[in-house]
Amino acid sequence: MSSGRNLRVDRIACTGQGLCAELLPELIGLDEWGYPVIADRSVPGHLRSHARRAVAACPRLALHLDRADPAEETPPRSRRA
């Protein structure tokens, strides 16, 4: 089973150039100042190669693609009484 991936922006390193939103508009939008806004951090499998390309192209190295926490992917089980 392959683990999921999450997008993350280092807000301190980001200078709001907007290249990430151009390369990955399905997941990244821009706010009114040009800084990235990621609505859903999880990256679907069919967009992973595009996400890797956007991460590699970030001029400030502010965009990251991390492994998803397995606890976040698996919904908690209810306990039986």
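We did not get these values from a lab; they are worked out from the coordinates using the rules stated. Given the structure is predicted, the values throughout are model-derived calculations rather than measurements. So basically every Cβ, Gly included, is an ideal-geometry build from the backbone, and we count neighbours across all protein chains shown.
What the table below lists for this structure:
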read-out: Pair Gln17, Arg52: separation of 7 Å Cα→Cβ label points (nm); value: 2.2 nm
read-out: Ellipsoid semi-axes in whole angstrom, largest first, where each is sqrt(5λ) of the Cα gyration tensor of region 5-69; value: 17, 12, 11
